[in-house]
1. Are any residues in region 165-195 among the basic types (Lys, Arg) and part of a helix (DSSP H, G or I), and if so, which ones?
2. Exactly one of these conditions fails for PRO32: (1) surrounded by 13 or more Cβ atoms within 10 Å (Cβ to Cβ); (2) at pLDDT 90 or above. Give me its number.
3. Does PRO73 satisfy the condition of being part of a loop (DSSP other than H, G, I, E, B), modelled with pLDDT under 60 and over 23 Å from PHE7 (Cβ atoms)?
4. Would you mind finding the one in ALA132, ALA140 that is crowded, with 16+ Cβ neighbours inside 10 Å, of a type in the set (Gly, Ala, Ser) and modelled with pLDDT of 70 or more?
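The values are calculated or read from the model by the stated rules, or taken from the named source; none is laboratory data. All of these numbers come straight from a predicted model, not from anything done at the bench. Neighbour counts are summed over all protein chains in view; Cβ atoms, including those assigned to glycine, are modelled from backbone coordinates with ideal geometry.
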Amino acid sequence: MNQVDGFCAEGLEAASELLADAAARAKLHLRPETITRTAARRLKASLAFAERLIRRLLVLLALEVELAPAAAPAPQDQETRTRLRAPRGFQYLPAERAPSGFLDPWADRPVSQARNQTGIIPLLYRWKTLMALLDDPERAARHMARRLRASRKAGELAPFCWPEDKLYRQPARVALVAGALPDLLNPALKAWFNSS
């Protein structure tokens, strides 16, 4: 195990602890149907931070993965191409775009819930998706490596890892990992994208 693998293993373990702590603070173990808006906002912020941390660790792991040459995609018949889309999973390389419906904030507003309550299902689904990624990080790293290879072949610019703000709000172990990631990722990504 080299230093990068050890750092990533430590980082993934810290991310797992961060997700467990966020679930405990939101009392997900009680299986609530709704939570308060404040609790939902805190859980959403914790999940967003954990998602960024996991994505960056997967990129670092993906740069170490040796992929086989890409095979030509198998032709699909019309029936398999028209299947329904699965619910949103983990976005390996999310596209930056304006939120849908930003011109009309009242469109598709949820029908009357309790005044200070919000639904837990989307946040719970996101939490379970992140926990599933932590169960098998090697598979996720291979998937990230394929995404990075495709973006490099398409001539896209190398992704840039911005430093995280307000790390003092995070647990010390998570803050150390998140603070070190930009210094490890940016030179590695630049070299990997320029090597072709």
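1. So the first thing to find is which residues in region 165-195 are among the basic types (Lys, Arg), and the list is 166, 169, 173, 190.
Once the filter is applied, which keeps residues that are among the basic types (Lys, Arg) and part of a helix (DSSP H, G or I), region 165-195 yields ARG169, ARG173, LYS190.
2. The one condition PRO32 does not meet is (2).
3. Working: part of a loop (DSSP other than H, G, I, E, B): yes; modelled with pLDDT under 60: no; over 23 Å from PHE7 (Cβ atoms): yes.
When the stated conditions are applied, PRO73 does not pass them.
4. On the way: ALA132 fails: crowded, with 16+ Cβ neighbours inside 10 Å.
Unique residue meeting the criteria: ALA140.
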